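Notes follow once the structure below has been shown.
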Amino acid sequence: MDLVGRKLPANLGRSLRRFFHPVAKFIADNQKDEEFGELLLPFAKAFGKLQQTTGVIAQKGLVNPNEAGAASSPYLRMFALVAIGFMWLQMAKAAKAKLAEGGDATFYGSKLKTARFFMTKILPEAETHFRTIMAGAKPLMDFGVDEF
């Protein structure tokens, strides 16, 4: 609730730009690296969905606070997945550079494998959170007090 109720609307959303802008820059700076694309592409899609979701929550939440409340948990999870994915991308880029310099192939190779694992097996969970949020508050708020 704190993320969608206080952080998201704070400074008209400018606070989130401190995360969104560096991520967008990283994607733009690395999009031409074809070898890095297998990691970057799924991440860029998840990041795009996070940006879209942020806008939807901000708009719907202004009209109906239940929309923001219903989205709060899946939004936090989605944001966390994208944030962790961003960290893995940075580690993968560093590992790739170290391997090119002749660094420990086992250590740095495992970093790349773990980043690939995260991007293909964990990060896709962001799509589920996206769909949950897009379903809106109605499925949650439809229940009356006497139905519990």
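The values are calculated or read from the model by the stated rules, or taken from the named source; none is laboratory data. These numbers were taken from a predicted model, which means no experiment stands behind them. Positions of Cβ are generated from backbone atoms using ideal geometry, with glycine treated the same way; all protein chains shown enter the neighbour counts.
Given LEU112, LEU62, which one is hydrophobic (A, V, I, L, M, F, W, C) and at pLDDT below 95?
LEU62
Looking only at residues in segment 77-97 that are more than 18 Å from the chain's Cα centre (by Cα) and without any contact (Cβ under 8 Å) to a residue 40 or more places away in the chain, which one is surrounded by the fewest Cβ atoms within 10 Å (Cβ to Cβ)?
At the first step, the residues of segment 77-97 found to be more than 18 Å from the chain's Cα centre (by Cα) are 93-97.
Next, from what is left, pick out any that are without any contact (Cβ under 8 Å) to a residue 40 or more places away in the chain: 94-95, 97.
On the way: ALA94: 13, ALA95: 22, ALA97: 11.
Step by step, filter segment 77-97, then rank; the result is ALA97.
Scanning segment 30-50 for residues that are part of a helix (DSSP H, G or I) and either among the charged types (D, E, K, R) or at pLDDT below 95 (or both) turns up GLU34, GLU35, PHE36, GLY37, GLU38, LYS45, LYS49. Within segment 3-29, if we keep just the residues that are at pLDDT 85 or above and surrounded by 18 or more Cβ atoms within 10 Å (Cβ to Cβ), the residue that is farthest from LEU76 (Cα to Cα) turns out to be PHE26. Is one or more of the residues making up segment 98-117 crowded, with 18+ Cβ neighbours inside 10 Å and under 20 Å from MET1 (Cα atoms)? No, segment 98-117 has no match at all. Among residues of segment 49-71 that are touching a residue at least 60 places away in the same chain (Cβ under 8 Å), those with a beta-carbon under 6 Å from a residue that is surrounded by 15 or more Cβ atoms within 10 Å (Cβ to Cβ) and of a type in the set (Lys, Arg) at least six positions away or on a different chain give the pairs GLU67/LYS60.
Can you find a residue that is within 17 Å of the chain's Cα centre (by Cα) and part of a loop (DSSP other than H, G, I, E, B) anywhere in segment 98-120? Spell out how you get there, then give the answer.
Here is the first cut: in segment 98-120, the residues within 17 Å of the chain's Cα centre (by Cα) are 115-120.
From what's left, part of a loop (DSSP other than H, G, I, E, B): none.
No, because not a single residue in segment 98-120 is within 17 Å of the chain's Cα centre (by Cα) and part of a loop (DSSP other than H, G, I, E, B).
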